[in-house]
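A short worksheet on the structure shown next.
Every number here is computed from the coordinates shown, using simple stated rules; none is lab data. Values in this document were obtained by computation on a predicted structure and should not be read as measured data. Cβ: placed from backbone, ideal geometry, glycine included. Neighbour counts: every protein chain shown.
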Amino acid sequence: MTTVRDRFPRTVFGAGSEPDPRFTLANERTFLAWTRTALALIAGGVALESLGLQLHPGFRLAASLVLVATGTLTPLIAWAEWMKTERALRLARPLPGAHLGLLLAVAVTVVGALVVCAVWLR
């Protein structure tokens, strides 16, 4: 039988009681979806810079860096949000708000603006 000491992170699994597995698995799927999004952001940033598109080089590099930086931060924030949500489930508390969507909305908007400038100034 699995004990709290066997599960990581202990700060999450040591709190409260086991929630309905469907909710725990849905929370995990959300974390994995954010991780896939992070991989796509990193791949997009690498592709934008390495494909040698005829765009203004400064704006192209800036857009690539925003994509890679956002892709690097996304799994870390997703992990923190997974932990907060799992603890709330285990303690039968209201679910916390998510902040990751705002980060991605801002990052994609900035990248879009940079690419528009890169096309305009080429």
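Quick look at the numbers
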{"read-out": "Candidate values (i) 18.6; (ii) 16.3; (iii) 14.1, label of the one derived for Kirkwood radius over Cα pairs in Å", "value": "(ii)"}
{"read-out": "Helical mean residue ellipticity (222 nm; -39500 (n - 2.57) per DSSP H run of 4+; nearest 500) of the chain", "value": "-25500 deg cm²/dmol"}
{"read-out": "Cα-projected label distance for Ala92 with Val108, points at 7 Å along beta-carbon direction, nm", "value": "3.8"}
{"read-out": "Degrees, to the nearest 10: 57-90 long Cα axis against longest axis of the chain", "value": "10"}
{"read-out": "Surrounding net charge for Val116, when Lys and Arg each add one and Asp and Glu each subtract one, Cβ distance under 15 Å", "value": "+2"}
{"read-out": "Percent RCO, i.e. relative contact order, over the chain, from Cα pairs under 8 Å lying at least 6 residues apart", "value": "35"}
{"read-out": "Local electrostatic count, Leu48, Cβ distance below 15 Å [Lys/Arg +1, Asp/Glu -1]", "value": "+1"}
{"read-out": "√(5λ) per eigenvalue of the Cα gyration tensor, segment 50-96, largest first, Å", "value": "39, 8, 6"}
{"read-out": "Net charge, Val68 excluded, C-beta distance under 15 Å - Lys, Arg +1, Asp, Glu -1", "value": "0"}
